[in-house]
1. Is it the case that some residue within region 406-413 is away from the ligand (no atom under 14 Å from the Cβ) and either open to solvent by less than 10 Å² (accessible area, probe 1.4 Å) or free of Cβ contacts under 8 Å to residues at least 24 places away in the same chain (or both)?
2. Considering only residues of region 220-278 that are acidic (D, E) and either assigned to a helix (DSSP H, G or I) or touching a helix residue (DSSP H, G or I) at 6+ places or on another chain (Cβ under 6 Å) (or both), which is modelled with the lowest pLDDT?
3. Looking at this structure, is L383 more than 16 Å from the ligand (Cβ to nearest atom), touching a residue at least 24 places away in the same chain (Cβ under 8 Å) and aliphatic (A, V, I, L, M)?
4. Would you be able to say whether some residue in region 18-32 is over 22 Å from the mean Cα position of the chain (by Cα) and either farther than 25 Å from Q167 by Cβ or aliphatic (A, V, I, L, M) (or both)?
5. I'm trying to understand the selection: among the residues of region 15-24, which are surrounded by fewer than 22 Cβ atoms within 10 Å (Cβ to Cβ) and touching a residue at least 24 places away in the same chain (Cβ under 8 Å)?
6. Among the candidates R456, R442, single out the residue that is over 18 Å from L586 (Cβ atoms), open to solvent by 10 Å² or more (accessible area, probe 1.4 Å) and assigned to a helix (DSSP H, G or I).
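The values are calculated or read from the model by the stated rules, or taken from the named source; none is laboratory data. Quick caveat, the model's predicted, so the values are computed rather than measured. Glycine also receives a Cβ, built like all others from the backbone with ideal geometry; neighbour counts cover every protein chain displayed. Surface accessibility is based on the protein's heavy atoms, side chains included, excluding ligands, DNA and RNA. Shrake-Rupley method; radii C 1.70, N 1.55, O 1.52, S 1.80 Å.
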Amino acid sequence: MCGIVGAVAERNITAILLEGLKRLEYRGYDSAGLAVLDAAGQLQRLRRSGKVAELEQALRETELGGRLGIAHTRWATHGAPCERNAHPHLSGNELAVVHNGIIENHEALRRRLQAEGYEFTSDTDTEVIVHLLRQKLDALGDLAAALQAAVKELHGAYGLAVISTRQPDRILAARSGSPLVIGLGLGENFLASDQLALRQVTDRFLYLEEGDIAEIRRDAVRIWDVTGVPVQREPVQYHEGAEAADKGEFRHFMLKEIHEQPKVVQRALENRLGADQVLPQAFGPQAAELFARVRNVQIVACGTSYHAGMVARYWLEALAGLPCQVEVASEFRYRKVVVQPDTLFVTISQSGETADTLAALRNAKAAGYLASLAICNVGTSSLVRESDLTLLTQAGPEIGVASTKAFTTQLVGLLLLTLSLGRVRGTLDGELERTLVEELRRLPTRLGEALAMDPRIEEVAEHFAEKQHTLFLGRGEQYPVAMEGALKLKEISYIHAEAYPAGELKHGPLALVDAHMPVVTVAPNNELLEKLKSNLQEVRARGGELIVFADREAGIENGEGTLLVKMPHIHDVLSPILYTVPLQLLSYHVAVLRGTDVDQPRNLAKSVTVE
Ligand code: AGP
């Protein structure tokens, strides 16, 4: 999605703005631009459609520079992805605005402002903000007061930054529904939609809260809350290593992140496992008392995080004896729900800023849930700040748009949750609990063994390079694993992929099976294996090619029409975590063979901060 960077310093800040935009590239965008106040106090703007590299090239060909500026990567919502619609947008060559989010009443505002003589040069919703601000600035004479007045008329979501020739020493920012963070430097300050953009200049941040307005100058930051009252936001030191934004020896971030899984799963387990149980404090001090009251679980998430929730449903019902519902946030937020008594509301999100998941959480607060728990990768995110309980997944920054290590660490977090709930409720057998804790400890090693299958998976991937469609099959908790495998494949290779519970095959999708439709299956050695084998026979009998990821003792052999990848043996409960890894690698290699943009697939954004 869109990204914002801003800087005010004593040095030329164009390089800082550009570097910040590059660090936000992973989020997905289709144009980029910046505006600075030059030495003469004039507003200078440069925009390009396409990649930040094109903006950088254009910048090299100009003299453009300044000590205060804002920059943006745009992911088109209103208006085509072209230079005319790229941010910053200007009004009267004295105000520039960059904006993330959507202004829902932009049509009415545009009509009104046009009638008052403001001239529009783009098709964006954002342009209404800059003209509205100019109107308010003309009336009030102060940028902060103008912004406070303008946001009262905006409906929708925004994280925005403004600079003006009239008060050339400051950047104004406003946040409502779209995150913003202020980076604190020595004699210089910064602004961004994600702290990752500013890691090269600072590690101290102030996180704006919903409704905040901030005035950022070289040597001072002022913040007003949603009611207009001046407030202090506590600075936070960010510790994640700067190497997180570096591909290292890997060709793509996605591959690096797949290979990081043993390490990050290890980290996700650290300080959370006792000798034979999940430590009670893993979910915070008040969790044990709260968990004892839980009678139902409602999980809400999007995309890959939703698939993690789907796996958790099998665990929560089988191991903790808790009825569990799982729903995609974009549906849940607009549905009238009947809340069962003592229901724990669980959100899952890598970014913690997904608009639908956040909106669902906010709705849930008024709906009578027992408490909210966020399973999230970003400790400073809105989701974490607005939830009662949190479990951080500790995956480290995930740059590839296709989520990999975030998913496996979410699964680890959800299994820890299941074991904790099962223990406090007395529904989990003690022997099984000990076994699962032991298996969790061994998981990083097992993941390493799965990664060692990479050369075989790369061979198998060659069978896909020319295909247009694929079916993914799984049974039980492997069904969501198949869904996640299909999502990965379509996201980065653009091959159409559908996942089905294997038992559903003969109820329709079998009609699609022929030699051109490969069928990918995950087959751990569990009680459903024999049934799954029958489903595979149904495919073979119709000439369908099978790609099977099976336990080495599953009794499935490589042969005519069946490509087998033998997987290390793993306890049934943990098998969804392990079997995810080869499917990630399969998608990765297929995408590389097809020459797609693995880390930034077309049309997609890393963090979906608009509806
Ligand atoms: C996964 O590969 C996707 N990029 C996407 O489905 C993602 O999981 C979804 O947008 C939810 O994001 P979140 O985890 O940050 O909330």
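1. Narrowing region 406-413 to residues away from the ligand (no atom under 14 Å from the Cβ): 412.
Still in the running and either open to solvent by less than 10 Å² (accessible area, probe 1.4 Å) or free of Cβ contacts under 8 Å to residues at least 24 places away in the same chain (or both): 412.
The answer is yes, given that some residue of region 406-413 is away from the ligand (no atom under 14 Å from the Cβ) and either open to solvent by less than 10 Å² (accessible area, probe 1.4 Å) or free of Cβ contacts under 8 Å to residues at least 24 places away in the same chain (or both).
2. E243
3. So L383 fails the test.
4. Going residue by residue through region 18-32, those that are over 22 Å from the mean Cα position of the chain (by Cα) are 18.
Next cut, either farther than 25 Å from Q167 by Cβ or aliphatic (A, V, I, L, M) (or both) only: 18.
Looking through region 18-32, at least one residue is over 22 Å from the mean Cα position of the chain (by Cα) and either farther than 25 Å from Q167 by Cβ or aliphatic (A, V, I, L, M) (or both).
5. Selection gives L18, E19, K22.
6. Values: R456 fails: over 18 Å from L586 (Cβ atoms).
R442 is the lone residue from the list that is over 18 Å from L586 (Cβ atoms), open to solvent by 10 Å² or more (accessible area, probe 1.4 Å) and assigned to a helix (DSSP H, G or I).
Residue-by-condition table, conditions (1) in contact (Cβ under 8 Å) with a residue 40 or more places away in the chain; (2) open to solvent by 10 Å² or more (accessible area, probe 1.4 Å):
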| residue | (1), (2) |
| --- | --- |
| H131 | yes, no |
| R134 | yes, yes |
| L137 | yes, no |
| G141 | no, yes |
| A146 | no, no |
| A157 | yes, yes |
| V162 | yes, no |
| P168 | yes, yes |
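Each row is one residue, and each column tells you yes or no for (1) open to solvent by 60 Å² or more (accessible area, probe 1.4 Å); (2) within 16 Å of the ligand (Cβ to nearest atom); (3) touching a His at 6+ places or on another chain (Cβ under 8 Å).
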residue	(1), (2), (3)
R267	yes, no, no
N271	yes, no, no
G274	no, no, no
E289	yes, no, no
A312	no, yes, no
L322	no, no, no
S351	no, yes, no
A355	no, yes, no
